[in-house]
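Here's the structure, in structure tokens; my notes come after.
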Amino acid sequence: MRERGIYRGIGFGTFVEITAPGPAFYGVGGARISAQDGCSIKLEPSGKVRLAISVNEIGQGTETIIAQVAATELGVPLVDLRVITGDTDATPYGGTAWASRGAAIGSEAALRAARALRENILEVAGAILQSSPAELDLRNGQVVSREDGEERISLAEVGRIAYFRSDILPPGFQPQLSVVRHFSPQGLPFAFTNGIHASYVEVDVETGLVRLLKHWVVEDCGRVLNPKLVDEQIRGGVAQGIGMALYEECLYNAEGQLINGSLADYLVPLAPELPDIEVAHMETPSRYSELGAKGAGEAGTAAAPAAIMNAVNDAIAPLGGRITTMPMTPERILRALKRI
């Protein structure tokens, strides 16, 4: 290809990303930024489940992940569980969304709250059915016999009796169908997400334009709770890394005035600029939670610019060029090639 004037390169970038910071991260400095999350969860009289959690939804799929974790732990259909996020007037206090912490900390709080509610539901069902809770299980929204799976009573009936007919329960028995649990990381200051990126590029040495041909990511964010959500977060992160590497730059005039302060002038990558991005995973569960999830939100961005820069330098190395400044604009690439 180089003999025909086509200059392509491949580059790698590895990363270790600190995610889900523990309380010492900001707490040592006195900043009132919470590293814990809280979750309240209750069985409604209808048999549906309502969950309120302190992490918030900003498009990264938090509500889906929390619902998935809680519904799986409870043994109820996903459609029967409603998640309310973010507003501390309506949810337990917690740390919201920052530092790739939603699944690693928020989901752990949801897991523990759902587990406690499950135990309480089985205790109430045992009182109704005059059975030991250990003989019962909760599957697909029904209380069943643990041994053979026979349906014994619906969650709606458990809720009806607990809320409206507690007089028929054993004397002194108080049904508890609402619980709150909090979780704060302990033992490690962070969860460490790590991985490697590879980028394949083509550089037009006449114009300085870079064309991204393909990008690969292999990362380890602990236990992958929802592969589609994780993969798309990583692809979105790679897109941001592409912007850092090739397009995004704040430009100022001699008076210090920002001259590209709107998206009419400030370049960001759009769909035509993005290559195919292949994502794969290793899974090393985090040691400070039962779920074992680490952060994933920043893993796509962390090493993408380095991989792209290494690929560009690999492409122009035969011509004696080397670039060390981002974004790698056509002008900077042509200067590195001594064409201008």
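The values are calculated or read from the model by the stated rules, or taken from the named source; none is laboratory data. Just so it is clear, the model here is predicted, and its values are computed rather than measured. In this analysis, Cβ positions are derived from the backbone assuming ideal geometry, glycine residues included, and neighbour counts consider all displayed protein chains.
Screening G30 on (1) in contact with a strand residue (DSSP E or B) (Cβ under 9 Å, 6 or more places away or on another chain); (2) over 22 Å from A296 (Cβ atoms) shows it passes everything except condition (1). With respect to being surrounded by fewer than 18 Cβ atoms within 10 Å (Cβ to Cβ), under 30 Å from G321 (Cβ atoms), among the basic types (K, R) and out of contact with any His (no Cβ under 6 Å at 6 or more places or on another chain), R211 fits the description. Would you say G141 is on the phi > 0 side of the Ramachandran plot, surrounded by 17 or more Cβ atoms within 10 Å (Cβ to Cβ), outside the structural domain of L43 (by TED's automatic domain parsing) and in contact with a helix residue (DSSP H, G or I) (Cβ under 6 Å, 6 or more places away or on another chain)? Against the criterion (on the phi > 0 side of the Ramachandran plot, surrounded by 17 or more Cβ atoms within 10 Å (Cβ to Cβ), outside the structural domain of L43 (by TED's automatic domain parsing) and in contact with a helix residue (DSSP H, G or I) (Cβ under 6 Å, 6 or more places away or on another chain)), G141 does not qualify.
The strands (runs of 3 or more DSSP E) falling completely within region 1-90 that include 3 or more residues that are surrounded by 18 or more Cβ atoms within 10 Å (Cβ to Cβ) and in contact (Cβ under 8 Å) with a residue 60 or more places away in the chain map to 7-19, 37-43. Being surrounded by 17 or more Cβ atoms within 10 Å (Cβ to Cβ), of a type in the set (G, A, S), touching a Lys or Arg at 6+ places or on another chain (Cβ under 7 Å) and closer than 20 Å to G295 by Cβ is a property that A110 lacks.
Of the helices (runs of 4 or more DSSP H) lying entirely inside region 295-337, those containing at least 1 residues that are farther than 28 Å from V279 by Cα and of a type in the set (A, V, I, L, M, F, W, C) span 330-336.
The condition of being in contact (Cβ under 8 Å) with a residue 40 or more places away in the chain, surrounded by 15 or more Cβ atoms within 10 Å (Cβ to Cβ) and touching a His at 6+ places or on another chain (Cβ under 9 Å) holds for only one of A296, A307, that being A307. Scanning region 117-134 for residues that are more than 23 Å from V69 (Cβ to Cβ) and surrounded by 14 or more Cβ atoms within 10 Å (Cβ to Cβ) turns up G126, A127, I128, L129, S131. Among all positions in region 285-302, there is at least one residue which is hydrophobic (A, V, I, L, M, F, W, C) and farther than 30 Å from A114 by Cβ. Scanning region 227-261 for residues that are buried (at least 16 other Cβ atoms within 10 Å of the Cβ) and assigned to a loop (DSSP other than H, G, I, E, B) yields a single hit, E248. Take the residues in region 321-340 that are in contact (Cβ under 8 Å) with a residue 12 or more places away in the chain and of a type in the set (A, V, I, L, M), then tell me which one is farthest from L246 (Cα to Cα). The extreme case among them is L337.
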